[in-house]
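Enquirer: A single structure is presented below for examination.
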There are 2 protein chains.
Amino acid sequence: MHHDPHVESHLKSSQSLADIVIGMSDGLTVPFALAAGLSGAVDSSNIVMIAGIAEIAAGSIAMGLGGYLAGKTSQDHYQSELKREYYEIEHLRHREIEETKEFFAHLGLSEEIQNAATNQIAQDPDKWVQFMMKYELGLDEPDPRRATKSALNIGLAYIAGGIIPLSPYFFIEDAGDALKYSVVATLICLFLFGYFKSKITGVSPLQGALKVMSIGALAAGAAFAVAKLFEGM
Amino acid sequence: MHHDPHVESHLKSSQSLADIVIGMSDGLTVPFALAAGLSGAVDSSNIVMIAGIAEIAAGSIAMGLGGYLAGKTSQDHYQSELKREYYEIEHLRHREIEETKEFFAHLGLSEEIQNAATNQIAQDPDKWVQFMMKYELGLDEPDPRRATKSALNIGLAYIAGGIIPLSPYFFIEDAGDALKYSVVATLICLFLFGYFKSKITGVSPLQGALKVMSIGALAAGAAFAVAKLFEGM
């Protein structure tokens, strides 16, 4: 895959995909588990529904804005490091030369090549700074629209995921009955979601699907057990 | 910071810190917003408490296991790419030589240095593969215990965060009254949490604190509004 010349565009679309995966994964799991837990403690679907909707609102905003802030922070961080590197190659040129040499020394290159390569790189300030940003600090330039896109992708995917486990409670009055449909529908969706997610990331799809489904089942089971326990207290 | 010779150990501890930040950030926000939302729709603290506990169980397991799986997946991915690189430098040596040259060409080095550096690197298969893993694929070797540590850090931080907004509901019968204490306690904690988180990541602490607090308030407000809306239907 990494020999594909279109690897750049591939990486960009996979960032959006990663956001959607994050949002949908939690959106399918947490509202599902919450609804299951509450169904063990209350009889009326109405309360489960209201709690579920409150959770979807809370979760999508918290995750979406969290994604936005993370994107903004990495942009700020990149810009401040960029400024610093420009400052350093001008005012601490000696040290930066040493650091550049060290990079080539770490690759196992001879002293002669270390010096020659460092001299060439240090001739163009912009290229030199780009080099330091990427290979000394391991920072790639972030996409400026990434933060907003990230927030929307994560938030909407969370809502889309959360509607699935909740929908039976809209139509079935008894929470216990609704739970059965919710479990079946959500486990199928978690399986399908895990299958396609694994296919995209190159992991064994069946194994991935079972893993994702198990996490959902475990979270829901634990929530159900804990809620039942506290209801009896 | 990146000139610190202890940067390696610093990075390791900051991974645990990042996990704790992720878990606590969502743990403070989502159960808080859920409790606030439910308080707008039901009168009894008991239901809010049970829903909150179910949410904490669900969220900590979903996020903790999610962290575990993410860690495992990156390990598997690293190992499979490692195998592939060893295969390629043996059976597709020509192409790998070209790729290594391209790396140095991208740095802006002359053809002569490209060739000399590539020749030196290609002499030691292990070093060459390490080079390709890190600089062609951008992959660092993951810590094998990372997945388990990550799961525990995220899960426990989520629980620790979630207990704060929920605790007033344990002691105060009326959900509306408990909400007031929950809002005050949680907003203070979100502020402090945002402050220290920003200090660690090098962002302006006061600005960071206000941002984190605003996300929590926004999520709680939205959950409250949405739950009130659906309650009236």
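The values are calculated or read from the model by the stated rules, or taken from the named source; none is laboratory data. Since the structure is predicted, the reported quantities are computational estimates derived from the model, not experimental observations. Neighbour counts are summed over all protein chains in view; Cβ atoms, including those assigned to glycine, are modelled from backbone coordinates with ideal geometry. For the accessible areas, the whole protein counts, side chains as well, though only heavy atoms, and no ligand, DNA or RNA atoms are used. Shrake-Rupley method; radii C 1.70, N 1.55, O 1.52, S 1.80 Å.
Enquirer: If one computes the Cα centroid of the stretch A:171-233 and of the stretch B:56-88, what distance in Å separates the two points?
Expert: Taking the Cα centre of the stretch B:56-88 as reference, the centre of the stretch A:171-233 is 20 Å away.
Enquirer: I want to check the label-to-label distance for residue B:160 and residue A:74. Put each point 7 Å from Cα in the C-beta direction and report it in nm to one decimal.
Expert: 2.5 nm
Enquirer: With springs only between Cα atoms under 10 Å apart, run a GNM on chain B and tell me which of B:160, B:219, B:122 wobbles the most.
Expert: The residue that fluctuates most here is B:122.
Enquirer: Oh, and also: Excluding ligands, DNA and RNA, what is the solvent-accessible area per residue of chain B at a probe of 1.4 Å, expressed in Å²?
Expert: That works out to 49 Å² for each residue.
Enquirer: Next question, about the same structure. Which angle from 0 to 90°, rounded to the nearest 10, does the C-alpha axis of helix B:205-231 make with the longest principal axis of chain B?
Expert: Approximately 50 degrees, to the nearest ten.
Enquirer: At 7 Å along the Cα-to-beta-carbon direction for both residue A:172 and residue B:143, put a label point, then send me their distance in nm to one decimal.
Expert: Computed distance between label sites residue A:172 and residue B:143 equals 4.5 nm.
Enquirer: Further question on the same structure: If you build a Gaussian network model of chain B, linking Cα atoms that sit under 10 Å apart, which residue out of B:53, B:89, B:188 swings the most?
Expert: For chain B, modelled as a Gaussian network with Cα springs under 10 Å, the answer is B:89.
Enquirer: Between residue A:111 and residue B:98, what FRET efficiency comes out of the Förster formula 1/(1 + (r/R0)^6) with R0 = 30 Å and r the beta carbon distance, rounded to 0.05?
Expert: Efficiency for this residue pair is about 0.70.
Enquirer: Among A:151, A:184, A:133, pick out the residue whose Cα is farthest towards the positive end of the charge dipole of the stretch A:81-184, where Lys and Arg carry +1 and Asp and Glu carry -1 on C-beta, about the Cα centre.
Expert: Of the listed residues, the answer is A:184.
Enquirer: Run the quick spin-label model on residue A:126 and residue A:192: label points 7 Å from Cα toward the beta carbon, then report their separation in nm to one decimal.
Expert: 4.9 nm
Enquirer: Next question. Only Cα pairs under 8 Å and at least 6 apart count here; give the relative contact order of chain A as a rounded whole percent.
Expert: For chain A, the relative contact order is 40 percent.
Enquirer: Continuing with this model, one more query. Let me know the number of lysine pairs in the stretch A:28-178 closer than 20 Å at the Cα, not counting same-chain pairs under 8 apart.
Expert: Pairs that pass both the separation and distance tests number 7.
Enquirer: Filter the trypsin sites (Lys or Arg not before Pro) in the stretch B:118-162 to those in DSSP coil with at most 15 other Cβ atoms within 10 Å of their Cβ, and list the result.
Expert: For trypsin sites (Lys or Arg not before Pro) across the stretch B:118-162 that sit outside H, G, I, E and B with at most 15 neighbouring Cβ atoms in 10 Å, the list reads B:145.
Enquirer: Another one. Please identify, among B:152, B:190, B:109, the residue showing maximal mean-square fluctuation in a Gaussian network model of chain B using a 10 angstrom Cα cutoff.
Expert: Comparing B:152, B:190, B:109 in the GNM, the peak value goes to B:109.
Enquirer: To continue, here is another question. In degrees, nearest 10, range 0 to 90: what is the angle between the Cα axis of helix B:111-121 and the longest Cα principal axis of chain B?
Expert: 80 degrees
Enquirer: Other chains near B:24-34: what is the mean number of their Cβ atoms within 10 Å of each residue's Cβ?
Expert: Mean shielding by partner chains, rounded to a whole number: 5.
Enquirer: Would you calculate a helix-derived [θ] at 222 nm for chain B, using -39,500 (n - 2.57) for each DSSP H run of n ≥ 4 and dividing by the full residue count, to the nearest 500?
Expert: Calculated at 222 nm, the ellipticity per residue is -29000 deg cm²/dmol.
Enquirer: In debye, nearest 20: dipole of the stretch A:59-129 around its Cα centre with unit charges on the Cβ of K, R (+) and D, E (-)?
Expert: With Lys and Arg at +1 and Asp and Glu at -1, about 340 debye.
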